[in-house]
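Student: Following this message is one structure expressed as structure tokens.
The values are calculated or read from the model by the stated rules, or taken from the named source; none is laboratory data. Everything quoted here is computed from the prediction, not taken from an experiment. Heads up, the Cβs are rebuilt from the backbone with ideal geometry, glycines too, and the neighbour counts pull from every protein chain shown. Side chains included, ligands, DNA and RNA excluded: accessible areas come from the protein's heavy atoms. Shrake-Rupley method; radii C 1.70, N 1.55, O 1.52, S 1.80 Å.
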Amino acid sequence: MKTALKKQTNDLNMTALWLKNVCLLHDLLIQHSPKQSLDSDELISMTTDLSDLIRSLSDLCIQAYQQLLSITETQLQKLIVPGLLESETIAGLSSSAGKLVVSRKRAGSDPRPVGADAPTMASVLRQLGALHTALSSQSLPLSLAEQAFRQMTYLICACALNNLLLRKDMCCWSRGMQIRYNVSLLEEWLRSRGLQAGCAVATLEPLIQAAQLLQVGKKTAADAQAIVRTCTALSSTQIVKILTLYTPHSDLDEKVTINFIRTVQELVKGRSDTQPAQLLLDVRRVFPVTFPYSPPPALSAEELVIPDSLKISFLRRA
């Protein structure tokens, strides 16, 4: 199984298949372990100590799970910023679309070939959909899918928020509206697939609050108090940075004054800040994963079908 995983480092569906196989074998050994209370009189407990083998399979489950996420992350990394931050999902809202393209080309940060279609929010959702399909097709537990998508939404949030915090052209009212709308599409996508219970939606909160911060009033003392009260998922450093970068892109908008920023700084000092004072999120953060035990169904060897595509013809029925 280790060899099979190594050969499928870029294949999402095959990695999901081997994740299922490893989990199934892991749970099967637990089911027949001498330490397990058997659920049926027909099950036979093995006399051999299986602890070491179960532990090795548990490690292999984690390896297969991480490989599955790594494949998706590699594809998402190229889509998050252009798809979620820069795409014009609400047509004609942003008057600065041209400036975004120019600034990216000047910096040499756009790896796409000339004439290629820019990724959109639909591109991000398609990539997430591929992961969901791979997990669902193998009937992997919903709780495992929830954990996988929590990791993916954290990556999306961290990459998007970090980029926003470093780009002045992103910090304006219209761009905040676009970002919030794009995130709402992601939220709806997660809920429609029953993935909201595993913190996948909650993990997006820092990005949601950053987008809202770009849209709220930034003039009066009451505005400052409202910002500090509602932006609980953002650190004080991040709030001040966004306010400092905020750039009006129309005559109806105004630049945030130094006095207002100082007022906010004074107010955030008084709150019990649960967020680290850091500016950027750690995009490499990995959440621990828990694999639920699921007793395998009773199957006989004659019922098993081994597709030739798996290239494991060395297996023989006992």
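Student: Tell me, please, whether a residue that is in contact with an Asp or Glu (Cβ under 7 Å, 6 or more places away or on another chain) and modelled with pLDDT of 75 or more can be found in the range 295-304.
Tutor: yes
Student: So, one more: Going through the range 235-264 one residue at a time, which ones are open to solvent by 70 Å² or more (accessible area, probe 1.4 Å) and either more than 18 Å from Arg167 (Cα to Cα) or acidic (Asp, Glu) (or both)?
Tutor: Within the range 235-264, Asp251, Leu252, Glu254, Thr257, Ile258, Asn259, Arg262 meet the criteria.
Student: Under the condition of being in a loop (DSSP other than H, G, I, E, B) and polar (S, T, N, Q), which residue from the range 75-90 is modelled with the highest pLDDT?
Tutor: Per the criteria, the residue is Gln77.
Student: Open to solvent by 40 Å² or more (accessible area, probe 1.4 Å) and in a loop (DSSP other than H, G, I, E, B): does that describe Thr232?
Tutor: Considered against the rule, which asks whether it is open to solvent by 40 Å² or more (accessible area, probe 1.4 Å) and in a loop (DSSP other than H, G, I, E, B), Thr232 comes out as yes.
Student: Continuing with this model, one more query. Out of Leu28, Leu50, Leu24, Leu68, which single residue is aliphatic (A, V, I, L, M), modelled with pLDDT of 65 or more and more than 21 Å from Ala298 (Cα to Cα)? If you could, list the steps in order and put the result at the bottom.
Tutor: Values: Leu28 fails: more than 21 Å from Ala298 (Cα to Cα); Leu50 fails: more than 21 Å from Ala298 (Cα to Cα); Leu24 fails: more than 21 Å from Ala298 (Cα to Cα).
One residue alone meets the criteria, Leu68.
Student: Just to check your reading of the model, which residue among Ile227, Ile156, Ile179 is under 22 Å from Thr133 (Cα atoms) and in a helix (DSSP H, G or I)?
Tutor: So the residue among Ile227, Ile156, Ile179 that is under 22 Å from Thr133 (Cα atoms) and in a helix (DSSP H, G or I) is Ile156.
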